[in-house]
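The values are calculated or read from the model by the stated rules, or taken from the named source; none is laboratory data. Not measured: the values here are computed from a predicted model. We place every Cβ from the backbone using ideal geometry, glycine too, and count neighbours over all the protein chains shown.
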Amino acid sequence: MQEQYKQVKKFTKALKNNHIKTNKHAPVEVNEVPTLIHEDAGVRLFNLQQEENFEYKDAVNNRDLVEIADGVCDGVYIEFGKLVQHGISYECFLELFKEVCDSNDSKLVDNEIFCDNEGKGMKPATFVKPNLRPILEKYGAIIK
């Protein structure tokens, strides 16, 4: 597992360098500590992800596994780009992700999750909201 972590860390570093080198005509923020980015940049990232979600949906409807894989990988690439732009390092991300996973696990009651009609997990009395602020601050974020 340690080797996979090293590979993902290497990927995020390469992605960061790629953002710096290839976006000279359409500047992309690359931050070193967790931070907010310009609202226009956030909207652009949202729209990119939404486009990928529609392509994924089409691939699912067309039962096209190749395009499903492409859509999932493109989506992950965009999400990692968000991390780079927001200055969320790989190490910070791992801590944030663990906190969110632990929070999601708190939705389990007797090893079952209760879902609404849309399939979204409902929050029982045992639910614990993820405490992300201290993790972000540990990595240099200044939060109002």
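Taking (1) under 17 Å from the mean Cα position of the chain (by Cα); (2) surrounded by 15 or more Cβ atoms within 10 Å (Cβ to Cβ) in turn, Glu67 satisfies each apart from (1). Here Asp74 meets each of (1) buried (at least 16 other Cβ atoms within 10 Å of the Cβ); (2) closer than 19 Å to Pro34 by Cβ; (3) acidic (Asp, Glu) with one exception, condition (2).
Scanning the range 88-144 for residues that are more than 15 Å from the chain's Cα centre (by Cα) and acidic (Asp, Glu) yields Asp102, Asp105, Asp110, Glu112, Asp116, Glu118, Glu137.
When Asp74, Asp58 are screened for being outside any loop (DSSP other than H, G, I, E, B) and closer than 24 Å to Lys13 by Cα, only Asp74 passes. The selection criterion, being in a helix (DSSP H, G or I), within 30 Å of Gln2 (Cα to Cα), among the charged types (D, E, K, R) and in the same structural domain as Glu32 (by TED's automatic domain parsing), does not hold for Asp102. Checking Asn131, Asn104 one by one, the residue that is closer than 30 Å to Val30 by Cβ, exposed (fewer than 12 other Cβ atoms within 10 Å of the Cβ) and not aromatic (Phe, Trp, Tyr) is Asn131 and no other. Every residue in the range 109-133 that is assigned to a loop (DSSP other than H, G, I, E, B), without any contact (Cβ under 8 Å) to a residue 12 or more places away in the chain and not acidic (Asp, Glu), please. Matches in the range 109-133: Asn111, Ile113, Phe114, Asn117, Gly119, Lys120, Ala125.
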